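Undergrad: Provided herewith is a single structure, encoded as structure tokens, for subsequent inquiry.
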Amino acid sequence: MDKLRDSGSGPRAQGLILTTLFASSALVASTAKADWELNMPVGVTEISQSVYSLHMIIFWICVVIAVIVFGVMFWSIFHHRKSKGVKPASFHESTTVEIIWTVIPLLILVGMAVPATATLRQMYDTSDAEVDIQITGYQWKWRYQYLNEEIDFFSNLTTPKEQIENQAEKTDTYLLEVDNPLVLPVGKKVRFLLTSNDVIHSWWIPDFAVKKDAIPGFINEAWTKIDKPGTYRGQCAELCGKDHGFMPIVVVAMNDDDYAAWVAQQQTAKQAKAASAEKEWTLAELMTKGEQVYNTACAACHQANGMGIPGAFPALKGSPMATQDKAGHINIVLNGKAGTAMAAYGSQFDAVDLAAVITYERNAWGNDTGEIVTPQDIKQIQGQ
Amino acid sequence: MNDMTQPELMHGHHGPARGITRWIYTTNHKDIGTLYLWFSFAMFLIGGCMALVIRSELFQPGLQLVQPEFFNQMTTMHGLIMVFGAVMPAFVGLANWMIPLMVGAPDMALPRMNNLSFWILPFAFAMLLSTLLMEGGGPNFGWTFYAPLSTTYAPPSVTFFIFSVHMMGISSIMGAINVIATILNMRAPGMTMMKMPLFVWTWLITAFLLIAVMPVLAGVITMMLMDIHFGTSFFDAGGGGDPVLFQHLFWFFGHPEVYIMILPAFGIISHIVPTFSRKRLFGYASMVYATASIALLSFVVWAHHMFTVGLPLAGELFFMYSTMLIAVPTGVKVFNWISTMFRGAISFETPMLFAIGFIVLFTIGGFSGLMLAISPADFQYHDTYFVVAHFHYVLVPGAVFSIIAGAYYWLPKWTGHMYDERLGQWHFWLSMVGVNLTFFPMHFIGLAGMPRRIPDYALQFADFNMIASIGGFLFGFSQLLFLYIVIKCVKGGQKAEDKPWEGAEGLEWQVASPAPYHTFAQPPRID
Amino acid sequence: MKDQNPHKTTVSKLVLATLGMFLFGFLLVPLYDVFCDITGLNGKVSNTAYVEKEGFTIDPNRKVTVQFLTNTNANMNWLFEAEARSIQVHPGELTRVSFSVVNPSLKRMTAQAVPSVSPSEGAEYLLKTQCFCFEQQELNPGASQQMTLLFRVDPQLPDHISTLTLAYTLFDISSTRPVSSIAERPGTYSGFPAATDSLFTSQSLLISHAQTLRLAGGY
């Protein structure tokens, strides 16, 4: 055995590697822009605070156990080395010891389970909510419906493609910014009803300690009560396909007055939107509007250049559907295509957006049909 | 007991055939063990390359190398290949090599089935890998393939994925049947159950787990196949099914599967630690009972993977408590290993280094597992990099380190040569630093809120991701050193004694090094 | 390999165990449904009509809010609405709610409504005597129809539940189910005679126990 132990290279190798390691992490640290976040956020709800303290209690219990266990181990490693000429002992069992180290961990576990159970009970109590919001996951965006206020909108990622593709500088809220954040009142119990339109998603805001799966066909519940006004950001937590990493969640928490003003403003905007469906739209107006809609709703699959992804999502550029078959084109946008990822957008967008996006697809990327599809056309087809 | 291993003395036996047919037609447990080990190493490298694609993309925020759809295929394939292609076959390879030697049997119980169960694998993985080249790409729904992402929304190649998983399952089940039959029927006279080496014990329990859950996995993917092609609705709410049912069925397989990948590791460590501590394993019987109770508990904890799907409160509580309970037998094992080292005479050859690395890092993985068991806290951890850190800690410095430790430990027996100890030590320290550099920062980015399986991330996660990527490359390339060490050891080196480790015990050290093609034609007697 | 016999027994037992576990995997599917029925897991509710028992006492002192959510799944383009977003009922009281659907597409389609109740603990207390979700709906292009839900809230509903949410998600199942020939009966999705619809105006969402029994006798 001793011939194998001429291994002075072990410690030497270790030293060398550790030096390199520290040097490289120091390098990384010095170039760091954003804050270093090391731990779970304490959050802004009672629940998130109890979850945080649970997390810390368990963490410290683990640290204490680790110190004891590894302490004994490293003590043995240093003091019971063969190179020190020690003779091995011969003990190899003890029922008493086995019982002790079965029972003590059990007691520790019971100690952990008690506060965990209390917090869990509280998390499951969704009764007496003042605001009810239905959250629906879509590939790859969120829809928020305020059940009592008749407010209903989609929330899409707004980070420009140039930033994602490293052609523009990334901002602080990179990938965590949306066009329409969920607005919630502070100090009121808000109940979330979660479901999904397609695959399983998971709605998560770390600052609220709320994470719940959105499952197609089923409804899940969660609740929160925010203590502090502010903007809180999270992301979809369940793999939901290609753009799983690109469907953030942003919540803006407001005090009561601001919230009431926001609700009122939403109602006005809704009426304005309804009115705009009645006006005459020009091709140029529809194209501008359509490009916006296309980039939020269609570009993820069909791509901004209309080329699609071969084998997965068909191209629109030059396709017979987008250049000739107008009725078919309107039909597929409104009603989707069964058995594919093409959803029925008729239920997601209003007539203006639908008309604009179809017009855009029929005229962009050299499709140049010159045809206009008006909001009125759409309304007629939808039978409204 | 006498050496009874000179092949030329064994009447009626002959050496291996020559050329490639030796490997294709072989029914010899040592040949098949070797095939399994090389196959799993090849898969380890392929899966590792995929991990490096992932880590390269995540080196910086933004999309640089790959597009999200390919990124998802990489995460999925990396998981599938590492679980079914690297870790499981490696353990089966070790079982093939060592179980007959350890129980004093001449070969596995069913040598021809043994050949078949290996040779299915290359075809299964060739099929799985070929999906990457198919239209629509390979599986992109994660190795857990949750419906409906893996059914209604899956790429067309999902059918090939299903067939290849079926083949892997059949291979594993045949391997498990073989192991059980060998252990139950072919032990040398006098080797009672409670005298079996721990590697044999842990594999016996693992094999029963395989028999219990691989068929359930086969059932789940059969249901998927029927949903996709034959109009059933097991997992489609529109037809009266339930996507959550998929998760229950999958994790009913999946959680025991986790222990399938770690129990044999416990066995290997339970051999190496006493050998290099020159002291008998502390608490042999309690090790056996702990292994059995972990296996039994593994059937009643599956829903802790699903705390956020909306289980009823009672369900959450039940699965939280049962999961926490697993910490007890696992703790017993760690305490036993440490008591074995305590007051031993420890030396630090490469297998022991990897074993110590295993104990420390696996325990860290165990701690994060305990944290994940706490259901309210799991609402924050679930599906973040904290989980990624957790299971990589139990699988890489856990399962993989134990396999590497086992390989170093038994290489002298397999090849008849000592490996290069100096390089072995280098391999350990590089791997140790690489592993921690890769996976430790993932705890932080997970707690800070980075979801798993995303190709691009917010800026506050950038620094730790960069460190993890550097660590990933360090760990990955260190394994090429392992390849070199193994090849060097196969080709030559210092001649190994029959029992190259002073403190080693067991029948495998009573045969010559390298182990002759046929061993224990006459069973040894154990008293 | 002198003695193959012990292997044969072992192997056949293990193969049987394997097959058994394969079947057990499939057996878990109905077991799961039973489990869901008992625990209300996932907010799943029974998909067969609740058979009325005599002797529901209406609890006039307690009010429970029942919310209705109407969703459509991915490729489903029907317009789907409940006549009321939420109503208040006394436990035990038989209540009727009407839902409307329109098929705005250019083809005949078949739909299946999938119910889900939240909180899941309350699922088993929502007793549906009649529901459009027990059947499939077929609609011609442009057609619309009213669909009926008759339910009561079990007076046993635990006190801490004051709101029950009933969500319906419409799935397009046209492709999995061939369009049948009952085209001449548009709007008859259930055995409920269209004439009786007039008995229920939107103002009288709530009807008495006695009334229903009478109506029930009619079909």
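Undergrad: Let me confirm one metric for peptide B:206-214, namely the mean number of other chain beta-carbon atoms within 10 Å of its residues' beta-carbons.
TA: Mean partner shielding for this stretch: 2.
Undergrad: Expressed as a rounded percentage, what relative contact order does segment C:70-182 have, with Cα pairs under 8 Å and six or more residues apart? Let's see the in-between values first.
TA: Details: 226 pairs, mean separation 43.3, N = 113.
It comes to 38 percent, rounded to a whole number.
Undergrad: So if R0 is 30 Å, what FRET efficiency would A:Ile104 and C:Leu27 give, r being the distance between their Cβ atoms, rounded to the nearest 0.05?
TA: Taking R0 as 30 Å, the efficiency between A:Ile104 and C:Leu27 is 0.15.
Undergrad: Sticking with this structure for a sec: Quick one: which of A:Lys161/A:Lys242; A:Lys161/A:Lys337; A:Lys242/A:Lys337; A:Lys212/C:Lys128; A:Lys141/A:Lys279 span more than 22 angstrom between C-alpha atoms?
TA: Values: A:Lys161/A:Lys242 15 Å; A:Lys161/A:Lys337 27 Å; A:Lys242/A:Lys337 19 Å; A:Lys212/C:Lys128 27 Å; A:Lys141/A:Lys279 29 Å.
Over 22 Å Cα-Cα: A:Lys161/A:Lys337; A:Lys212/C:Lys128; A:Lys141/A:Lys279.
Undergrad: If packing is taken as the average number of other Cβ atoms within 10 Å across a peptide's residues, how do B:498-505, B:437-444 rank, most packed first?
TA: In decreasing order of mean packing, B:498-505, B:437-444 become B:437-444, B:498-505.
Undergrad: Give me the aspartates and glutamates in straight-line cross-link reach of C:Lys107: C-alpha distance below 19 Å, same-chain residues under 8 apart excluded.
TA: Reachable aspartates and glutamates: A:Asp325, A:Asp377, C:Glu138, C:Asp172, C:Glu184.
Undergrad: What is the projected area of the convex hull of the Cα atoms of chain A, averaged over all directions, in nm²?
TA: Result: a mean projected hull area of 29.0 nm².
Undergrad: If I take every Cα pair under 8 Å that is 6 or more residues apart in chain B, average their sequence separation and divide by the length, what percent do I get for the relative contact order?
TA: 20
Undergrad: If one takes the longest principal axis of the Cα atoms in chain B, at what angle in degrees, from 0 to 90 and to the nearest 10, does the Cα axis of helix B:401-415 lie?
TA: The angle comes out near 30 degrees.
Undergrad: For A:Gln267 and A:Gln303, what does the FRET efficiency come to when R0 = 41 Å and r is the distance between their Cβ atoms, rounded to the nearest 0.05?
TA: 0.70
Undergrad: Return the long-range amide H neighbours of A:Ser196 (sequence gap of 5 or more, or a different chain), with a cut-off of under 5 Å between placed amide H atoms.
TA: A:Gly137, A:Ile215, A:Gly217, A:Phe218
Undergrad: Right, something else. I'd like the orientation of helix A:256-276 relative to chain A: the angle between its Cα long axis and the longest Cα principal axis, in ° from 0 to 90, rounded to 10.
TA: Here the helix axis deviates by roughly 40 degrees.
Undergrad: For chain B, what mean projected area does the convex hull of the alpha carbons give, in nm²?
TA: Computing the convex hull of the Cα atoms and averaging its projections yields 23.9 nm².
Undergrad: Relative to the first principal axis of the alpha-carbon coordinates of chain A, what is the inclination of helix A:283-297, with its axis defined by its Cα atoms, in degrees from 0 to 90 and to the nearest 10?
TA: For helix A:283-297, the angle is close to 20 degrees.
Undergrad: Kindly write out, for segment B:48-57 in residue order, the coupling ³J(HN,Hα) from the Karplus curve 6.51 cos²θ - 1.76 cosθ + 1.60 (θ = phi - 60°), rounded to whole Hz, with x marking Gly and Pro.
TA: Karplus values, whole Hz, x for Gly and Pro: x, 4, 5, 4, 6, 4, 4, 5, 5, 5.
Undergrad: Report, by chain and number, residues whose modeled amide H sits under 5 Å from the one on C:Thr70, excluding near sequence neighbours (fewer than 5 apart, same chain).
TA: Excluding prolines and chain starts, which carry no amide H, the hits are C:Tyr168.
Undergrad: Other chains near A:328-337: what is the mean number of their Cβ atoms within 10 Å of each residue's Cβ?
TA: Mean shielding by partner chains, rounded to a whole number: 3.
Undergrad: What average count of beta carbons from other chains do you get within 10 Å of the Cβ of residues in C:161-170?
TA: So the per-residue partner count for this stretch is 4.
Undergrad: A follow-up question, please. Label B:Ser130 and B:Phe230 with points 7 Å out from Cα along Cα→Cβ: what is the distance between them in nm?
TA: 2.3
Undergrad: Where both residues lie in chain A, what percent of DSSP beta bridges are antiparallel, nearest 5?
TA: 70
Undergrad: Would you kindly give the portion of the calculated P(r) for segment A:195-336 that falls above 23 Å, as a percent of all Cα pairs?
TA: For segment A:195-336, the share of Cα pairs beyond 23 Å comes to 58 percent.
Undergrad: What distance in nm separates the simple spin-label points at C:Asp159 and C:Thr57, each placed 7 Å from Cα in the Cβ direction?
TA: Result for the modelled spin labels: 1.6 nm.
Undergrad: Could you tell me what percent of the DSSP beta bridges with both partners in the protein assembly as shown are antiparallel, to the nearest 5?
TA: Antiparallel: roughly 75 percent of the beta bridges in the protein assembly as shown.
Undergrad: How big is the Cα convex hull of segment B:270-339 in projection, averaged over all directions, in nm²?
TA: 5.2
Undergrad: Please tell me the relative contact order of chain A in percent, rounded to the nearest whole number, where contacts are Cα pairs under 8 Å and at least six residues apart.
TA: 12
Undergrad: If amide hydrogens are placed 1.01 Å from N in the peptide plane, which non-local residues have theirs closer than 5 Å to the one on A:Trp223?
TA: Long-range HN contacts for A:Trp223: A:Phe192.
Undergrad: So, R0 is 35 Å and r is the distance between the beta-carbons of A:Val97 and B:Leu481; what FRET efficiency does that work out to, to 0.05?
TA: Working from the Cβ atoms, E equals 0.30.
Undergrad: While we're on this one: What's the longest piece of chain B with no exposed trypsin sites (Lys or Arg not before Pro), counting a site as exposed if DSSP puts it in a loop and it has at most 12 other beta carbons within 10 Å? Spell out each step's value before the answer.
TA: On the way: sites that count: B:Arg18, B:Arg525.
Within chain B, the longest run free of exposed trypsin sites (Lys or Arg not before Pro) spans B:19-524.
Undergrad: Read phi for every residue in segment A:310-323 and hand back ³J(HN,Hα) as whole Hz from Karplus 6.51 cos²θ - 1.76 cosθ + 1.60, θ = phi - 60°, with x for Gly and Pro.
TA: Each residue of segment A:310-323 in turn: x, x, 10, 10, x, 6, 9, 4, x, 6, x, 4, 8, 10 Hz.
Undergrad: For chain B, what is the charge dipole size about the Cα centre, in debye to the nearest 20, if Lys and Arg each add +1 at the Cβ and Asp and Glu each add -1 at the Cβ?
TA: Working: 21 positive and 25 negative charges, 247 e Å.
With Lys and Arg at +1 and Asp and Glu at -1, about 1180 debye.
Undergrad: With runs of 4+ DSSP H residues as the only contributors, calculate the mean residue ellipticity of chain A at 222 nm using -39,500 (n - 2.57) per run, divided by the residue total and rounded to the nearest 500. Working shown, then result.
TA: Details: 11 runs with 164 residues, N = 384.
Calculated at 222 nm, the ellipticity per residue is -14000 deg cm²/dmol.
Undergrad: Here is a follow-up. Past the 29 Å Cα-Cα mark, which pairs from A:Lys82/B:Lys499; B:Lys279/B:Lys495; A:Lys211/A:Lys317?
TA: Details: A:Lys82/B:Lys499 18 Å; B:Lys279/B:Lys495 26 Å; A:Lys211/A:Lys317 40 Å.
Where the Cα-Cα span goes over 29 Å, the pairs concerned are A:Lys211/A:Lys317.
Undergrad: Debye calculation, C-alpha points only, no solvent: report log10 I(q)/I(0) for the protein assembly as shown at q = 0.07 Å⁻¹, in the same order as the q values.
TA: One equal scatterer on each Cα of the protein assembly as shown leads to -0.70.
Undergrad: Right, something else. Label A:His79 and B:Gln494 with points 7 Å out from Cα along Cα→Cβ: what is the distance between them in nm?
TA: Here the modelled spin labels are 3.1 nm apart.
Undergrad: In whole Hz and in residue order, list the ³J(HN,Hα) couplings for segment C:160-170 that follow from phi through the Karplus curve 6.51 cos²θ - 1.76 cosθ + 1.60, θ = phi - 60°; x for Gly and Pro.
TA: Result, rounded to whole Hz: 6, 9, 10, 10, 10, 10, 10, 9, 10, 10, 8.
The numbers here are math on the coordinates, done by the rules we state, and not lab data. From a predicted model like this one, the values you see are computed outputs, not experimental measurements. Cβ atoms come from the backbone with ideal geometry, glycine included; neighbour counts cover every protein chain shown.
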